[in-house]
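Down below is the structure, laid out as structure tokens.
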Amino acid sequence: MGRMVALCRRRGVPVTAQRRAVLRALAGRRDHPTAERIHAAAAARLPGMTLATVYRVLAALERLGVARRVAHDGTGARFEIAEGAHHHLVCLSCGRILDLRDPALEALALPAPRAAGFHVQEVSIQFRGLCRPCRRKQPARERRRR
């Protein structure tokens, strides 16, 4: 939390009560909450806070590089604190998103997009499949087929 507040201050962004509430709602979470879940947690600390305010704060935190939007097909945006390069495992059944840090992925050589005039700023790889709890819910014969 302190690191995020310091980053905001270094970049000249006031740390308002609303921003502090959203940062607290995101800090330490690994479940990649939706804006609605962040709103529920922030509003518990700061009654009267609106969902629109949460969206504005999240957009500002994204621009600062403090928060990152994580999304995959078929679901709304989810958010996380931007803590270094990592990738995601996405469950196609329950929508759970898990962080994946793997040095082998960081060592992948990127294609040369400059030929097309494109400058890569961020790389994010998503692996889609079923998390352990969702796999356990499947019938045994279906699990064997996969």
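If you filter the range 38-69 down to residues that are touching an Asp or Glu at 6+ places or on another chain (Cβ under 8 Å) and among the basic types (Lys, Arg), you find that the one that is nearest to residue 15 (Cα to Cα) is 68. Selection of the range 70-84 for residues being modelled with pLDDT under 90 and either of a type in the set (S, T, N, Q) or out of contact with any helix residue (DSSP H, G or I) (no Cβ under 6 Å at 6 or more places or on another chain) (or both) yields 70, 71, 72, 73, 74, 75, 76, 77, 82, 83, 84. In the condition set (1) in a helix (DSSP H, G or I); (2) free of Cβ contacts under 8 Å to residues at least 40 places away in the same chain; (3) within 19 Å of residue 96 (Cα to Cα), residue 38 is compliant with all but (2).
For the range 6-24, residues that are under 15 Å from residue 59 (Cβ atoms) and assigned to a helix (DSSP H, G or I) total 5. In the range 71-91, the qualifying residues are those that are in contact (Cβ under 8 Å) with a residue 40 or more places away in the chain and hydrophobic (A, V, I, L, M, F, W, C), and the one that is surrounded by the fewest Cβ atoms within 10 Å (Cβ to Cβ) is 77. Here residue 55 passes the criteria (1) touching a Phe, Trp or Tyr at 6+ places or on another chain (Cβ under 7 Å); (2) farther than 22 Å from residue 129 by Cβ except the one numbered (1). The test for being more than 20 Å from residue 5 (Cβ to Cβ) and not assigned by TED's automatic domain parsing to the domain that holds residue 10 does not hold for residue 73. Taking first residues from the range 9-22 that are in the same structural domain as residue 61 (by TED's automatic domain parsing) and partners that are polar (S, T, N, Q), the Cβ contacts under 7 Å between residues at least 6 apart in sequence or on separate chains come to 18/53. One residue stands out among those in the range 67-116 that are of a type in the set (Val, Ile, Thr) and within 11 Å of the chain's Cα centre (by Cα): the one that is farthest from residue 26 (Cα to Cα), which is 97.
So, of the residues in the range 106-136 that are of a type in the set (D, E, K, R) and either surrounded by 11 or more Cβ atoms within 10 Å (Cβ to Cβ) or not assigned by TED's automatic domain parsing to the domain that holds residue 95 (or both), which turns out to be modelled with the lowest pLDDT? Even if it seems obvious, please write down each step before you answer.
Of all residues in the range 106-136, those of a type in the set (D, E, K, R) come to 106, 114, 122, 128, 132, 135-136.
Now restrict to residues that are either surrounded by 11 or more Cβ atoms within 10 Å (Cβ to Cβ) or not assigned by TED's automatic domain parsing to the domain that holds residue 95 (or both): 106, 128, 135.
On the way: 106: 83, 128: 91, 135: 91.
The qualifying residue modelled with the lowest pLDDT is 106.
The values are calculated or read from the model by the stated rules, or taken from the named source; none is laboratory data. Bear in mind that the values here come from a model prediction, so they are computed numbers and not experimental data. Cβ sites come from the backbone with ideal geometry, for glycine too, and all protein chains shown count toward neighbours.
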